[in-house]
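First comes the structure, then the notes that go with it.
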Amino acid sequence: MTFFKKYVSRSGGVCELCALESATIEFTVSPKEDQIENQVAICSTCELNLSNKEARDHWQCLSGSIWSQEPAVQALSYRILYGMKNQSWANDIMESIDMDEEIVQWGAHIYEITLAHQDAFGNVLENGDNVVLIQALKVRGTNFTASKGAVVKKIRLVSDNTSQIEGKINDQVIVILTQFVKKN
């Protein structure tokens, strides 16, 4: 059975993202292969808006597609919304659904480097790494300043914030912004 026939039975021939126009394009959600379970049938308007950073109004339609039963539709919806997460409406949509972690990772695939903890020079940080402070930092809630060049051993990544790590300085565990460290 061709993609189009399978697709028509899946969503009735309309765009799986906006549900406003007829679907005419088979869009494969990278990095998966060209198979129907990895494809989303989209309209030409959605295809044009995929690369248009100014298409915020158009993508509010994703409040419906994010709830699709099709993992590829969910992953692509998440990917588009993640690219606009600084918009409160996009963030609200992303927070409205509890998605399977595998679908989130698939959707965030093109943002993997962005999602990783990175030091000030773009090096990916991992739990247990050692880092060096690249500037002196006043440690909030204490009476000391961590000096430039101080080594912080065996850091821990803050799981919900890629711009923060935890480490020990002067026997106190503190949160450090990644923009102030260099991987050692």
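Every number in this text was worked out from the coordinates using simple rules, so none of it is lab data. All values derive from a computational prediction rather than experimental measurement. Backbone-built Cβ (ideal geometry, glycine too); neighbour counts: all protein chains shown.
Using 0.36 nm per residue, how much length does the chain from T145 to D100 gain when fully extended, once their Cα-Cα distance is taken away?
So the extension gain works out to 12.0 nm.
Evaluate the charge dipole of the range 131-183 about its Cα centre and quote only its size in Debye, nearest 20, assuming +1 on the Cβ of each Lys and Arg and -1 on the Cβ of each Asp and Glu.
It works out to roughly 180 debye.
Is there a pair in K148/K168; K138/K168; K85/K148; K32/K85 whose C-alpha atoms are over 26 Å apart, and which pairs would that be?
Pairs exceeding the cut-off: K85/K148.
About the Cα centre of the chain, how large is the charge dipole given +1 on each Lys and Arg Cβ and -1 on each Asp and Glu Cβ? Please answer in debye to the nearest 20.
With Lys and Arg at +1 and Asp and Glu at -1, about 960 debye.
In whole Hz and in residue order, list the ³J(HN,Hα) couplings for the range 130-144 that follow from phi through the Karplus curve 6.51 cos²θ - 1.76 cosθ + 1.60, θ = phi - 60°; x for Gly and Pro.
9, 10, 10, 6, 9, 7, 5, 10, 6, 8, 4, x, 10, 10, 10
Quick check on the chain: helices-only [θ] at 222 nm, where DSSP H runs of length 4 and up contribute -39,500 (n - 2.57) each and the sum goes over total residues. Nearest 500, please.
Helix-only estimate at 222 nm: -7000 deg cm²/dmol.
In angstroms, what radius of gyration and Dmax does the chain have, counting Cα atoms only?
Using the Cα atoms of the chain, the pair Rg, Dmax is 21.4, 70 Å.
Which of the aspartates and glutamates could be linked to K154 by a straight reach, that is with a Cα gap under 18 Å, when you skip same-chain ones fewer than 8 residues away?
Here the aspartates and glutamates satisfying the reach criterion relative to K154 are D119, E126, D129, E166, D171.
Between K6 and Q87, what is the label-point separation in nm under the 7 Å Cα-to-beta-carbon projection?
3.1 nm
Could you check the spin-label model distance between N184 and L50? Points 7 Å from the Cα along Cα→Cβ, value in nm.
So the label points at N184 and L50 sit 4.5 nm apart.
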